[in-house]
Each structure stands twice: as C-alpha cells, then as structure tokens.
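> Have a look at this one before I ask anything.
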There are 2 protein chains.
Amino acid sequence: MREVAILGVGQIPVREHWELSLRDLAIIAGREAMKDAGIEKADAIYVGNMTSGSINQQRHLGALVADFMGQRSAEAVKMEAACGSAGSAMRQGILAVASGELERVLVIGVEKMTETSGKEITAALAGAADADFEAIHGVSFVGLNALVMRRYMHEYGLQHRDFAPFALNAHANGAKNPNALFQSPITLRQYENGRIVADPITLYDASPIGDGAAALLLVPAEHAPEAVRVAGSASATDTLGIHDRTDPIKLEGAETSAMRAYAQAGIRPQDVDLFELHDAFSIMAALSLEACGFADPGKGVAMAQAGDITPNGRIPISTMGGLKARGHPVGATGLYQLAEATLQLRDMAGEAQIEDARIGMTQNIGGSGATVVTHILRRP
Amino acid sequence: MREVAILGVGQIPVREHWELSLRDLAIIAGREAMKDAGIEKADAIYVGNMTSGSINQQRHLGALVADFMGQRSAEAVKMEAACGSAGSAMRQGILAVASGELERVLVIGVEKMTETSGKEITAALAGAADADFEAIHGVSFVGLNALVMRRYMHEYGLQHRDFAPFALNAHANGAKNPNALFQSPITLRQYENGRIVADPITLYDASPIGDGAAALLLVPAEHAPEAVRVAGSASATDTLGIHDRTDPIKLEGAETSAMRAYAQAGIRPQDVDLFELHDAFSIMAALSLEACGFADPGKGVAMAQAGDITPNGRIPISTMGGLKARGHPVGATGLYQLAEATLQLRDMAGEAQIEDARIGMTQNIGGSGATVVTHILRRP
C-alpha cells in the first residue's frame, strides 16, 4: 500500500447560496482544489453527498460533477453514508490511490439544502436513522440526539449549562474562519437563553445546516514530498438504531474507527495536536472525546469545562468553528473537516492557526454514530 | 496492485417482493454470497443502490445493511451512480482489495422499487438524467431513450421490428434462469404488437423494474486459487445530458470504459466469450455492442439479426435474461450481471450455461451512458 498525500484544498464558504446550484457548489470547491494542486486532469472524482436524490432530484451526481468540471471520462461516483458521506468519499479516495491504480483522485463533499422547506429537510435528515424502526415513529434526528443527551445528563448528574464550553469554543473559533457560516463569538448568557429545539437541545447545542462544498486532491505521497500526509484512515459502523446499543451513551463505532486509525498512524491520542470532531450536537462532541480516548466515560464535559478543548488547550477541537459555527452542510462536512485540518498542518489557517500543529485528526459521523470515519493527517 | 478474485456469489430472484423490505433483500443476497465463500466476517460492505433515499426514506444504507447482517463494525458505505450504482460498488470493492488494506469485501446491489407509485418511480428514475437541464423539461428517462432510438433508426434507415432479436434473445435466455423476473420466451409477433411506452420504444424494448439484490464476496486472488478472477475493472463518464454529446447515438463513455478494461485484461473484444450488457432498452444493447468494439457503428442491429448475440452465436449477450428478462432493479443490476458472469465462468449457469466460457465481460450503465463500469472476469 502506498502512502497518500493531500496536494490540493478547496472550499466555498458555508452560506445560504441562493445563487448557486448543487453542481455550482461542487465545481467551485473542486476546481479550487485542483488549482491549488496545480493539476488539470483527475483520474477519478468521488462525491460525498447525502440528500441530492430527494432535495435536488439528482441521483447521478458523480457523472454530473465530472461533466461540468470539464473532467469528462474521469471515473466518478457518489458516496452516501448520511452525514458521514464526505468522510466516506475521502476513505474511498485514499484506497483508490493506495491501490496503485489511480494517481490523482478528487474528493468533493457537497450539499445544497436551503432551497426547500424545513419540513422536507427534517424528513431527509431522518433518513440517517432507521427508516423502519426509528423514523417511522415520528422521531426526528435532533429528537434522537436529545434523548441521548438527556440520558447522559441523567447518568452523570449534569445540567444543560455544563455543555456551554462546546458552543462557546466553536463560535469563538468560527469567528476566525472566513468560510464559517457564523462568525461571531457567543456569550454564556446567550447559550443559557438559547431557545429549545428538542429538550434538552437548544439552538446553541445544534449545528446549522447550510449550502457548501469542500474538496481535496489526493496523490501518491512519493510525488508530493511537501504535501500533508494521510497517516491513518479508518471507517467503522455501529448499530443504526440507538435502541440496539448496549450503552446508548457510548459511541462504539467511533472508538473502533479511532483505534484503527491510531494503529495505522502508530500514534496515541496524546500525540494529536488538533481534533476536528463531529459536533453536530454538543452531546456528540462530548461522546466523541470519550470514544476516541481523550476523556474517560462521562468526563468529556468536564474536559471542556477545564478549557482543554480551546486553541491553547490540551486538545483543541473545532478549531475553525466545527459543525456548530462553520456550519453543517451534511454530506459535505467530512471534507470541510479534512480541508481545515490540512490548512492547519500547512500553517495556512490564518487567525485560527494552532501553533506547531503537526498531527491533525478528523472524525466524520453518519447518523447517531452508525458510520464513523476517522482520518489522521500529519505534516510532511 | 494485487489481483482480486470472486469467492462468493449470492442473489435473490427479481420479483415484486411484497414480503421483503429493502434491508431483507440486501441481507439475503449478502449472506448467500458470504456462505458461498465460506466467510463469516467481512472487512467492508459496499452497497450499490439508486433510489433508497426517496423511495425507502433511507439515506444510511451501508450501516443499515452491515448492522442487520450481523457485521457491525465492518466499514460500510452506499455507492450511487444511477443505474450504474452496483457496478460502481464492485469497482470500489476491487480497488479496496487491490490496495492491500482490506481482505474480504462484500459488494451488494439492492433495490426495492415496487412499494410505491409508478409516478414516484418515474420521478426517481429521472434523477439519472440532468435534473436542471433534462428532467425539468418533463422528459422521462424512457422518453430520452426513445429520442435516441428514433435518431438511430433515422440515421441507419431501420424499422422498429429490426430490433426484435434483442428482446427475443433476452426472453429466451431468461426462460433458463430461475432468478429472472420473466421466464417465458416471446415471439416475433408479440414483439411487433407490444404496446407503445414512448414511441418508438414499446413494452418489449424496455426492461422491467423490480425488487432484487445480488452480491459478491471479493478476496485477494492469492488466497483463492480456484475462484474467478477480475482481469479488468474500469469506470468512465460521458456528459450527463445527451444534448451535450457530439454524437447522440454514440456511447463514448462505454467505449472509454471498455477500452480501459480490455487494456487491463490484455485482451481484445474477440476474446470475450459472453457479454452481460446493459440492455435497459433495445437501443442501448445495440449502442453498447458498437461502443465496445463488437460491431461497427450502425451495425449493432444487423449483428443481432445475424444471430451473433444468441447463446451459440459469436458473442452471446444477456445470457441469463439481461435487464430485459431477468429484470432491472436499477441499483442492483450491475451486481446481477457480475453474479451471472461469475456463474457462467464456474460452469454453474444451469440451462443457460455458455459452453467453454473462459472470459466474461459485464457493462453496467448509469443514465444514458454517463457512467459506464466495465468488468472483465476470467476463469482461473
């Protein structure tokens, strides 16, 4: 297996892009990544996307993007794993380059979500859960996460306000990222007064959807001595339904995925300099820290309260805003995380730069932890 | 790059499976492939599927299938490329095993289409075309193929009845396949009296949708000396919209895809013993034969009329019924083709067995030729 490097990075700010279609978003990010890499022709284009089939009436996204990017004849396919779609596209891109058969693989995550009704979006996102055994009961995706958060609070004697550090850190970091949807820090008072979305989840515990796209151009590391390396890449699944888990407040898939990635990279959690985790909800940030070995079970919140997750803390998370402030265009998110980690390891993260970052980790989650894709990147 | 072999095959007959859900279909085929391979644990499960997001409200199919197959923790993702979804899943499975990282990859194609209205299916299938520049005008997918067929007839001075050999061959072959949806031969008179679907396409020119699933278990060839080998695997794209092509009756993507696969396998078209082509419509069968080098442009129909495509002909096609008679559960079709070719090369095709078949080729097409995935298999 040959080593893979990230030669190009592209992204478009997460916004309500009323003037740009699904294909436009993908093309802008994809072309930027290719330009950044100085490469004009890709062998393959893997597109991560969750909702195009229903929201955009498009079930042939790989070929569409290849065509309109001027990359006709390149092989192309869409990867779907709910909100873990873009991380999955990255995983496939790495395997393709590692195989020795493909030399230049463009991976794009794209989602166009704002041109429809909230009701349709809620229904589409429920497709991340089990349609027959969860969604059919009328529970929304945020509702499922609210149940998990409530259970966690009960189990460890926590109050809603204890989760504030996750939102405060994300918004403070997003303020330093021009591609973030929200670019203002928030106060503790704001957090405490957030309106309820699905009790105990309030507005500041839930990440916002949006339109966006991010892309990376992958090549064999031997051809790109100066490019950021992929040191670990692993995907794992857990039960789709939360009700099927032995422990509903433990992300076993995230643990498996992270352990596989650590083993590949030959590192331990303490070697990681920054962690772009999947903070779709505050509770998911806490559970991710625990599953990946940064905190003991039930201690993810205390870790955040101790300031360990801030840019100068022990393990900075959501360094460019995370899903919470950068925004969560669901099927694109995994590649935003990877693009951000790459910029950090290139010392190109601007005001959000983490000093001396040498190893960056990303974790993209589909559903309530059913698909988990972890990547570990390192400075060359 | 290490060579890949097909160690297990599984499929469920194409039917209206009112008693089986989307997950049931996938599990039955997947388990059969694993049992056939004598393997209990897969490293990865790649699921090809086109319409689950809208028809089955499920946007997290990889994890769902892994979970309910008892393969929790295996990595899993869904691949989507319209009707080329399952071929694309196979392609990714091959790259994954070839990379050296994964040892046992299960690829499943599945589609559950009959539990909804014809109107919803027509809308879903239109997602294979360009949503913004084709479907928006109200043209259905069969309508697009009708335009292509009409153009082809005009260009080469052909009549509708000239296409009869494609339907007659497919139905005669399907009659020998217990997994086929239609198992009765048809007569020329039946073909000529088929009711019009979208002029000039009649009932006997169009493949039927259905519920189905087919699966293969892939391993490194070095571990399976007796298993059918993957000699070539290639995917290519063409413009999504037919109106963007220099020649609307030439499948350039199919040509590129086939030429890449021939080069990998080190063979020429005349070395192929059977060809499972994508006969979603009669016209596509003709165009595929031409694009892959079996017939000169405009001569695909004449070739069929000469009897070259029958089981005893020069290049038998649709040997177990093809899309036309076996049925076309859209996102599963590519793996039915591959399962059938594998059975042929194992001498396990029953009554449909092609004598001395040593090299089998499959070609799975998404949209009107926008995604084309070609595989060449050979007897060990």
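> Kindly identify the stretch B:173-262 as rounded, prolate or oblate by the Cα gyration tensor criterion: order the square roots of the eigenvalues as a ≥ b ≥ c, call it rounded if a/c is under 1.5, otherwise compare a/b with b/c, prolate if a/b is larger, else oblate.
On the way: a/c = 2.77, a/b = 1.26, b/c = 2.20.
Oblate, because a/c is 1.5 or more while a/b does not exceed b/c.
> Between A:Thr202 and residues 5 or more places away or on another chain, which pairs have amide H atoms under 5 Å apart, with H built 1.01 Å from N, and which residues are they?
A:Val197
> While we're on this one: Whole angstrom only: what separates the Cα centroid of the stretch A:328-363 from the Cα centroid of the stretch B:128-199?
So the two Cα centres are separated by 50 Å.
> OK, next. How much accessible surface does A:Ile55 have with a 1.4 Å probe, in Å² rounded to 10?
We get 20 Å² for A:Ile55.
> Let me have the relative contact order for chain A, percent, based on Cα pairs under 8 Å that are six or more residues apart.
Working: 963 pairs, mean separation 98.1, N = 380.
Reported as a whole number, the value is 26 percent.
> So, one more: Counting every Cα pair in the protein assembly as shown, what percent are over 34 Å apart?
Numbers: 123651 of 288420 pairs.
Cα-Cα pairs in the protein assembly as shown separated by more than 34 Å: 43 percent.
> Let me ask you something else. List the distances, in nm and shortest first, from the label point of B:Lys299 to the matching label points in every other copy, placing each point 7 Å from Cα along the Cα-to-Cβ direction.
Label-point distances to the other copies, shortest first: 7.5 nm.
> Find the accessible area per residue for the stretch A:86-232; the probe is 1.4 Å, ligands and nucleic acids are left out, and the unit is Å². Can you show the working numbers first?
Values: 5480 Å² over 147 residues.
Computed with neighbouring chains in place, this is 37 Å² per residue.
> Which angle between 0 and 90 degrees, to the nearest 10, do you get for helix B:252-265 versus the longest principal axis of chain B when only C-alpha atoms count?
The helix B:252-265 is inclined about 40 degrees to chain B.
> For the Cα atoms of chain A, what angle does the longest principal axis make with the long axis of helix A:164-174, in degrees from 0 to 90, nearest 10?
30 degrees
> Once neighbouring chains are kept in place and the probe is 1.4 Å, which whole percent of the accessible area of the protein assembly as shown is contributed by carbon and sulfur?
Numbers: 12130 of 24260 Å².
Of the solvent-accessible surface of the protein assembly as shown, carbon and sulfur hold 50 percent.
> Here is a further query. In nm, one decimal, shortest first: how far is the label point of B:Gly313 (7 Å from Cα along Cα to beta carbon) from the matching points in the other copies?
So the label point of B:Gly313 gives 6.8 nm to the other copies.
> A:Arg195: accessible area at probe 1.4 Å, nearest 10 Å²?
My reading of the accessible area for A:Arg195 is about 150 Å².
> On to the next question. Mind listing the label-point distances from B:Pro380 to the same position on all other copies, shortest first, one decimal in nm, points 7 Å along Cα→Cβ?
Nearest to farthest, the other copies are at 4.2 nm.
> At 0.36 nm per residue, minus the direct Cα-Cα distance, what do B:Lys35 and B:Arg189 gain on full extension? Give it in nm, one decimal, please. Can you show the working numbers first?
Details: separation 154, 0.36 × 154 = 55.44 nm, distance 4.36 nm.
Taking 0.36 nm per residue and subtracting the Cα distance, the gain is 51.1 nm.
> With +1 on each Lys and Arg Cβ and -1 on each Asp and Glu Cβ, how big is the dipole of chain B about its Cα centre, in debye rounded to the nearest 20? Each step should come with its number before you reach the end.
On the way: 32 positive and 44 negative charges, 51 e Å.
In debye, rounded to 20, chain B gives about 240.
> Order B:Lys250, B:Lys35, B:Lys324, most accessible first, counting only protein heavy atoms with a 1.4 angstrom probe. Mind showing how you got there, number by number?
Working: B:Lys250 80, B:Lys35 170, B:Lys324 10 Å².
These residues rank, largest area first, as B:Lys35, B:Lys250, B:Lys324.
> If you build a Gaussian network model of chain B, linking Cα atoms that sit under 10 Å apart, which residue out of B:Ile315, B:Ile136, B:Ile359 swings the most?
Of B:Ile315, B:Ile136, B:Ile359, the most mobile in the Gaussian network model is B:Ile136.
> Once chain A is represented by equal point scatterers at the alpha-carbon sites, with solvent omitted, what log10 I(q)/I(0) does the Debye formula produce at q = 0.11 Å⁻¹?
Log10 I(q)/I(0), no solvent term: -0.67.
> May I ask you to evaluate 6.51 cos²θ - 1.76 cosθ + 1.60, the Karplus curve with θ = phi - 60°, for each residue of the stretch B:52-57 and list the ³J(HN,Hα) values in order in whole Hz, giving x for glycine and proline?
Rounded to whole hertz, the list is 4, x, 9, 6, 10, 6.
> Mind telling me which of B:Gly30, B:Gly307, B:Gly174 comes out most flexible in a GNM of chain B, alpha-carbon contacts under 10 Å?
Top of the fluctuation ranking is B:Gly307.
> Amide H neighbours of A:Gln58 under 5 Å, counting only residues 5+ apart in sequence or on other chains, H built in-plane at 1.01 Å?
Correct list: A:Gly53.
> While we're here: Amide H neighbours of B:Arg15 under 5 Å, counting only residues 5+ apart in sequence or on other chains, H built in-plane at 1.01 Å?
Those qualifying (amide H under 5 Å, at least 5 residues apart or on another chain) are B:Asp211.
> Do you know which residues of the stretch A:83-97 lose at least 30 square angstrom of accessible area in the protein assembly compared with their chain on its own, with a 1.4 angstrom probe?
Relative to the lone chain, where solvent access is computed with a 1.4 Å probe, the stretch A:83-97 loses at least 30 Å² at A:Arg91, A:Gln92, A:Leu95.
> Summed for both chains, how many Å² of accessible area, to the nearest 100, are buried between A and B with a 1.4 Å probe? Can you show the working numbers first?
On the way: alone 14530 and 14530 Å², together 24260 Å².
Protein heavy atoms only, the A-B interface buries about 4800 Å².
> Given +1 on the Cβ of Lys and Arg, -1 on the Cβ of Asp and Glu, and no further charges, what dipole in debye does the stretch B:165-300 carry about its Cα centre, rounded to the nearest 20? Before the final figure, lay out each step's value.
Details: 9 positive and 17 negative charges, 47 e Å.
Roughly 220 debye for the stretch B:165-300.
> In what sequence, largest accessible area first, do B:Thr342, B:Thr122 appear using a 1.4 Å probe? Could the numbers behind the result be given before it?
Working: B:Thr342 0, B:Thr122 70 Å².
From most exposed to least exposed: B:Thr122, B:Thr342.
> Can you order the peptides A:107-117, B:44-54 by their average number of other Cβ atoms within 10 Å per residue, highest first? Mind showing how you got there, number by number?
Numbers: A:107-117: 25.3, B:44-54: 29.9.
Going by the mean number of other Cβ atoms within 10 Å, highest first, we get B:44-54, A:107-117.
> Something else about it: Using only Cα atoms, tell me the angle between helix A:141-156 and the longest principal axis of chain A; keep it within 0 to 90° and round to the nearest 10.
Value to nearest ten degrees: 50.
> Helix-only estimate, please: 222 nm mean residue ellipticity of the protein assembly as shown, summing -39500 (n - 2.57) across DSSP H runs of length 4 or more and dividing by its residues, to the nearest 500.
Numbers: 26 runs with 262 residues, N = 760.
Mean residue ellipticity at 222 nm (helix-derived): -10000 deg cm²/dmol.
> Then there's this: Over all distinct alpha-carbon pairs, what is the Kirkwood Rh of the stretch B:250-380 in angstrom? Display every interim value, and only then the final one.
Values: mean 1/r = 0.0700 Å⁻¹.
Radius from the Kirkwood sum: 14.3 Å.
The values are calculated or read from the model by the stated rules, or taken from the named source; none is laboratory data. Treat the numbers as computed from the prediction; the structure is a model and nothing was measured. Counting neighbours? That spans all protein chains shown, and the Cβs are built from the backbone with ideal geometry, glycine included. All accessible areas refer to the heavy atoms of the entire protein, side chains included, with ligands and DNA or RNA removed. Shrake-Rupley method; radii C 1.70, N 1.55, O 1.52, S 1.80 Å.
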